[in-house]
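The values are calculated or read from the model by the stated rules, or taken from the named source; none is laboratory data. Since we're looking at a predicted model, the values are computed, not measured. Methodologically, a virtual Cβ is constructed for each residue, glycine included, from the backbone with ideal geometry; neighbour enumeration extends over all protein chains shown. Please note that ligands, DNA and RNA were not included when accessible areas were found on the heavy atoms of the full protein model with its side chains. Shrake-Rupley method; radii C 1.70, N 1.55, O 1.52, S 1.80 Å.
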Amino acid sequence: MNKEEYKLYIDDVIRRVEFARVRVSAHHIVKIVAISKYSTAKEIEELYSIGQRAYGENKVQDLRAKSEELKELPIEWHFVGNLQKNKINNLLDIDPTLFHALDSLELAYELQKKLKARDMTLDCLLQINSAKEDSKHGFMPETAKESYEKIAKECPNINLKGVMSIGAHSNDIGVIKKSFETTYKIYSELEGATICSMGMSGDFELAIECGSNMVRLGSIMFNK
Ligand SMILES: *Cc1c(COP(=O)(O)O)cnc(C)c1O
């Protein structure tokens, strides 16, 4: 694809997001975070040049390398992956716009300690394992609200902004939909939460219809 073709291709992805969000409400705004984990800095630069500003990575070392390589561009960097405790300092050095995957109380307390020592804050989303899959990280739906409130109260350097979830791993649309509805219901009951991050390349329209206002699009944005 040349640049003109790529631009038309991205317009089409944006149009799909638009159709889905308007079906919810004219006032329902959805943000696209382009997940660049399969892509090079050069490919990010191409997508940036046609208007995409927010990018996400799922490995701290990749986030560091790409944000360093592209530091001249005013890109908004998100971290969407599982964060190991021994990588917290590396992540905080980068100071991302949003960390999507706060997935345990233990991690929250460790993160709080490191944030406090640096006198900084970090915007975070609580990851919810809505379909209760062993392969996924995150809080179980039953404990998510309670844990969210606990972190909000006990971790003053963590700014909780809402929730994140990965749709159920299933071929049954009904099962995927149910996992999104579970996450949205929790989100809607949280005081002050403004971000519901759910939906990836294969299921973003469904996620938006279930209330997502932030989609994490990897393969589709980079045409892979
Ligand atoms: C890779 C990844 C995505 C994007 O996946 P695609 O299916 O390529 O859109 C979204 N969220 C997380 C947490 C990821 O790791």
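Against the list (1) open to solvent by 30 Å² or more (accessible area, probe 1.4 Å); (2) within 16 Å of the ligand (Cβ to nearest atom), the condition Ala65 fails is (2).
For the range 85-97, filtering for residues that are open to solvent by 20 Å² or more (accessible area, probe 1.4 Å) and in contact with a helix residue (DSSP H, G or I) (Cβ under 8 Å, 6 or more places away or on another chain) leaves 6.
Only one of the numbered conditions (1) within 11 Å of the ligand (Cβ to nearest atom); (2) under 19 Å from Thr97 (Cα atoms); (3) part of a loop (DSSP other than H, G, I, E, B) is not met by Ser212, and that is (1).
Do the conditions hold for Ser135, that is, is it of a type in the set (Ser, Thr, Tyr), in contact with a strand residue (DSSP E or B) (Cβ under 6 Å, 6 or more places away or on another chain) and closer than 29 Å to Thr40 by Cα? Here the answer is no, as Ser135 does not meet what is asked.
Let's see how each residue does on (1) open to solvent by 30 Å² or more (accessible area, probe 1.4 Å); (2) outside any helix (DSSP H, G or I); (3) β-branched (Val, Ile, Thr):
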{"residue": "Asp134", "(1), (2), (3)": "yes, yes, no"}
{"residue": "Ala144", "(1), (2), (3)": "no, no, no"}
{"residue": "Gly162", "(1), (2), (3)": "no, yes, no"}
{"residue": "Gly167", "(1), (2), (3)": "no, yes, no"}
{"residue": "Lys178", "(1), (2), (3)": "yes, no, no"}
{"residue": "Glu181", "(1), (2), (3)": "yes, no, no"}
{"residue": "Lys185", "(1), (2), (3)": "yes, no, no"}
{"residue": "Leu190", "(1), (2), (3)": "no, yes, no"}
{"residue": "Ala193", "(1), (2), (3)": "no, yes, no"}
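Can you tell me how many residues in the range 195-209 are part of a helix (DSSP H, G or I) and among the small types (Gly, Ala, Ser)?
1
Scanning the range 1-52 for residues that are at pLDDT below 95 and either open to solvent by less than 70 Å² (accessible area, probe 1.4 Å) or acidic (Asp, Glu) (or both) yields no hits at all. Evaluating Glu72 against the criteria (1) over 24 Å from Ile176 (Cα atoms); (2) assigned to a helix (DSSP H, G or I) leaves one unmet condition, (2). Screening Lys161, Lys177 for residues that are at pLDDT 95 or above, more than 15 Å from the ligand (Cβ to nearest atom) and touching an Asp or Glu at 6+ places or on another chain (Cβ under 7 Å) leaves exactly one candidate, Lys161.
To keep it simple, each residue is scored yes or no on (1) within 21 Å of Asp123 (Cβ to Cβ); (2) out of contact with any Leu (no Cβ under 9 Å at 6 or more places or on another chain); (3) away from the ligand (no atom under 16 Å from the Cβ).
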site	(1), (2), (3)
Ala41	no, no, yes
Gly56	yes, no, no
Gln61	no, yes, no
Ile75	yes, yes, yes
